[in-house]
Each structure stands twice: as C-alpha cells, then as structure tokens.
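Here's the structure, in structure tokens; my notes come after.
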Number of protein chains: 2
Amino acid sequence: MSGQDQPPPQDTAATGGGRGALETALAYHQAWTSHDFERAMTYIADDIVCQAPAGALEGAEAFRGFMGPFVRSLTRSDLIAAFGDDQTAVVMYDTDTVPVSNAPGAECVTVNDGKIIHMRIIFDRLPFEQARRAARPG
Amino acid sequence: MSGQDQPPPQDTAATGGGRGALETALAYHQAWTSHDFERAMTYIADDIVCQAPAGALEGAEAFRGFMGPFVRSLTRSDLIAAFGDDQTAVVMYDTDTVPVSNAPGAECVTVNDGKIIHMRIIFDRLPFEQARRAARPG
C-alpha cells in the first residue's frame, strides 16, 4: 500500500492507498478551483466531518451543500501555501467570489486512502454576511 | 548566515539567521498563546506587513494594536497544525477568547533572519462582530 518514496503514478485513480495527504488536498483544491466540483467531491469521504465556521457538517451531502454554492460563485483563486505529510495537510488560498472579493480560506485536512475524512476550514464570514444584508430589499 | 543543514542551536537568541520559518512561527505562537506578548513581538519585524481580514497592517506598532487586544482576551488555545520550510510556514490553531469561544485562526508567515516579515492571517470576524453588537446597549 505504500509507495511514498516513489514518484506518484500518473493518470491513475486518485483514491488508491498510499498517496500523501498533501497530494490529495491539492488534487481536491485543483478540482474545485477549476470549477470541476464533481471531481473535487471524488476526494471527499462519504463520512467526512467538516468543521466549518458555522459548525460541524457531517457527511458528503452536507459538505456538498456547504461547498457547492461557494464554488459556483468563484471567479478567481490563488494558492497561498500548501504543506503536509502522509496524513495531514494545510492549504491556504485567496479567492474572489461573486458576492465578495478577496475572500481567503484555510483548510486543514486529514486524509485516509486518498479521501478527505476530516476538514477544518477557516474563512471570514463577515463580508459574506454584509453582502447578504446589502442585497436584502428594504 | 546559513546553517540550514545543521541542527538548530539550543538556548541561543531566536533572532539569529538561518532558523527555519516554522521554528520562528512556532516560537511566536508559543509566546502569544502563553500570554507573553512582548516575547511574541520579538519575532515580528519592524516593517512587517500583515494582511488581516479588515485589510493590510503595516509595521510592528500597527500589528501590536491588532494582535495585542486579541492576546489579552485569550483564555484557551490549541495548535491544530503547523508546517513550513526555510522561508514560509503555516500555523493553524483554535482559541477561546473572552467574547468568543471556538475562534480558530490560520497564519501563513514569511520569515527573514528569524523575524516574521509578512503574515497572512485568516479568522472569522462574524462572531466577534456579533459579540460587539450584543454588548452594545439598546
């Protein structure tokens, strides 16, 4: 199952064992930042637990409901930093979205068998809340 | 000024050249999470640029005005993840503060000569804004 000391195989399924967490985190990141959210979801475990600013999300469908609308609103992304080891990775990025520009985020993910089983995601909800308030009639 | 290939010296000043960014980031983190903010400030370059949620802060005094009040309100902290290389490090943590519990943050720092010269810090301002609003009379 290992293979960490060899170059990663090209063009193979991303869900095989033995891939480092950083590789999975970056594959997930690359997919959603290129608007391929369905491909991004292939890196998400069915029983993912995501600790988001508003609270914990349990399971891939709850995660999809949280992350999908954000990805649909994405107009720009830049990777700021990415580090990791076999099990854990941290990815920080900046984004522009339709409602909010300069909306950075940071994720710490735990990966098992090529799937993200836990994500802690940090971002500033305040400008999104302000944009919602501004869009509200009256 | 190098020395990256040697083990870090023990019990020496933290501001010498050649220390990895992660070591400096963690020394800074350890200092402020133990409420030793003046020691934390010894890892901050005079001309630091800090990209915070509300905008850029330029210089150590602006940084002190931003981070000092937060540190004074800290009641708990846990390190979630820390990774880095010679120049860049990412540190993610959770905190409780007097106004807000479960207030995580993520920092990506650039280090030069043992001092943090750039910091991108991400946290959720919304619960802090809500706490301020709730505390306001009327």
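Does A:Glu38 qualify as being away from chain B (no Cβ under 11 Å) and part of a helix (DSSP H, G or I)? Considered against the rule, which asks whether it is away from chain B (no Cβ under 11 Å) and part of a helix (DSSP H, G or I), A:Glu38 comes out as yes.
Within the range A:118-138, the set of residues being in a strand (DSSP E or B) and charged (D, E, K, R) comprises A:Arg120 only.
Here's the yes/no breakdown for (1) buried (at least 16 other Cβ atoms within 10 Å of the Cβ); (2) touching a residue at least 40 places away in the same chain (Cβ under 8 Å); (3) within 14 Å of chain A (Cβ to nearest Cβ):
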position	(1), (2), (3)
B:Thr33	yes, yes, no
B:Pro53	yes, yes, yes
B:Arg64	yes, no, no
B:Met67	yes, no, no
B:Arg72	no, no, no
B:Ser77	yes, yes, no
B:Ala81	yes, no, yes
B:Asp85	no, yes, yes
B:Thr88	yes, yes, yes
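Residues of the range A:95-117 that are in a strand (DSSP E or B), within 11 Å of chain B (Cβ to nearest Cβ) and not aliphatic (A, V, I, L, M): A:Gly105, A:Glu107, A:Cys108, A:Thr110. Only one entry in A:Val109, A:Val100 is hydrophobic (A, V, I, L, M, F, W, C) and under 17 Å from A:Tyr43 (Cα atoms), namely A:Val109. Residues in the range A:90-138 that are open to solvent by 30 Å² or more (accessible area, probe 1.4 Å) and β-branched (Val, Ile, Thr): A:Val98, A:Thr110, A:Ile117. A count restricted to the range A:118-130 and to residues that are touching a residue at least 24 places away in the same chain (Cβ under 8 Å), more than 16 Å from A:Asp96 (Cβ to Cβ) and at the interface with another protein chain (Cβ under 8 Å from one of its Cβ atoms) stands at 3.
For the range A:43-64, does any single residue satisfy the condition of being of a type in the set (Val, Ile, Thr) and assigned to a helix (DSSP H, G or I)? No: the range A:43-64 contains no residue that is of a type in the set (Val, Ile, Thr) and assigned to a helix (DSSP H, G or I). Kindly evaluate A:Gln130 against the criterion of being more than 21 Å from B:Gln51 (Cα to Cα) and of a type in the set (S, T, N, Q). The answer is no for A:Gln130. Only one of the numbered conditions (1) small (Gly, Ala, Ser); (2) open to solvent by 40 Å² or more (accessible area, probe 1.4 Å); (3) more than 10 Å from every other protein chain (Cβ to nearest Cβ) is not met by A:Ala45, and that is (2).
The values are calculated or read from the model by the stated rules, or taken from the named source; none is laboratory data. Computed from a prediction, not measured in an experiment: that's the story for all the values here. A quick note on method: Cβ atoms are made from the backbone with ideal geometry, for glycine too, and the neighbour counts reach across all protein chains shown. Ligands, DNA and RNA are excluded from the accessible area calculation, which covers all protein heavy atoms including side chains. Shrake-Rupley method; radii C 1.70, N 1.55, O 1.52, S 1.80 Å.
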